[in-house]
Amino acid sequence: MPELIEAAAYARAAGRAVGATIVEVMLADPSWVRGGLSGDDLASALVGTEVVEVGRLGKVVLLGTDGPTLALRFGMTGRLLWDDDAPIDELVYGPKRSEEAWVRFALSLQHPGEEVAHRLAVEDARRLGSVELDADLSDLGPDAVGIHAEQLADAFGTTTTPLKAALLDQRRLAGLGNLLVDEVLWRAGMHPETPAGTLKDDELVLLADTIALVVAELSKRGGSHTGDLQPQRAPDGVCPRDGAPLVRGRVGGRTTWWCSLHQRRPRWGASPV
């Protein structure tokens, strides 16, 4: 699933569109549009506009034009391609190949003085992503990049929600997904079922610092799937730090892996599976 690392890579690739004019809109799957718009509606709103900026909030990539802003969400298997080049080679939960039949949405863009148009496309095998104009993102929490301990304290409050579920909740913190959260909690030595609102000040600082470290390291490695824990996320997996068996459970509805030794178990929580 594309997490903030993948979305950031997509945003960098889409940044090549800045200064270009949208000359054509292709919508292969009407269900991929939010807001009840049709392909003709998208074309009417976008064709002739210039891309002036590209940004990101959490897992959402934003293409700002001198008209509306385009919001792209990638679901479980979405990949952004610029001229058929994908900035992320692999998605753990996605197919290992590209197919033109999986392209749900595309823009044709013309830079001034260039004869050949560029293509920005989104490939989404499972069709769980979306495109939206002028999306309301007010329900998203602060972006996980650059998060501070004080922001985490505000996001968690006094909730008894398990820590992993709280970190996955995009309303509290935008951008983290299943792989990044497991890696962060493993490195921080925190059990995923710890009630999020019970973290002490020093634990919040450690968590914020670990999020920053993991995002920076895995961005350089090439994706959310490149964490130290990832190769051991299997029934016979062992902790890369201390060699103890890994435990598998479900937290926040997601399959979760943690070390049986250095990630301390809280007094309550779901049983391992």
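Derivation of every value follows stated rules applied to the coordinates shown; laboratory data play no part. Predicted model, so just to flag it, every value in this text is computed and none were measured. Note: ideal-geometry Cβ built from the backbone for every residue, glycine included; neighbour counts use all protein chains shown.
Miscellaneous remarks
- Global geometry of segment 107-204, whether rounded, prolate or oblate, following the gyration tensor of its Cα atoms and the 1.5 cut on a/c: prolate
- Within the listed set Thr159, Thr49, Thr198, the residue fluctuating most in the Gaussian network model of the chain (springs between alpha-carbon atoms under 10 angstrom) is Thr159.
- Packing here is the average count of other Cβ atoms within 10 Å per residue, and on that basis the peptides 241-249, 65-73, highest first, run 65-73, 241-249.
- Every Cα-Cα pair in segment 1-52 was counted, and those over 19 Å apart are 46% of them.
- With a Förster radius of 25 Å applied to the beta-carbon distance between Arg250 and Arg126, the computed FRET efficiency rounds to 0.75.
- Within the chain, helix-based [θ] at 222 nm, where runs of 4 or more DSSP H residues each add -39,500 (n - 2.57), nearest 500: -7000 deg cm²/dmol
- Taking one quarter of the surface of the convex hull spanned by the alpha-carbon atoms of segment 183-273 gives a direction-averaged projected area of 6.0 nm².
- Phi angles of segment 170-184 translate, via the Karplus equation with coefficients 6.51, -1.76, 1.60 and θ = phi - 60°, into HN-Hα couplings of 5, 6, 8, 8, 9, x, 7, x, 4, 5, 5, 5, 4, 5, 4 Hz per residue; Gly and Pro are given as x.
- Partners for Lys164 among aspartates and glutamates (Cα-Cα distance below 12 Å; same-chain residues under 8 apart left out): Asp182, Glu183, Glu193
- Using C-alpha pairs under 8 Å with a sequence gap of at least 6, the mean separation divided by the residue count of the chain gives a relative contact order of 18 percent.
- Amide N proximity, segment 145-164 versus Val205 label position 7 Å along Cα-to-Cβ, cut-off under 11 Å: 149
- Placing unit charges on each Cβ (+1 for Lys and Arg, -1 for Asp and Glu) gives the chain a dipole about its Cα centre, and among Gly67, Leu80, Leu163 the Cα reaching farthest toward its positive end belongs to Leu163.
- Labels on offer are (1) 66, 60, 35; (2) 81, 48, 35; (3) 62, 36, 31, and the one holding Cα extents along the principal axes in Å computed from this structure is (3).
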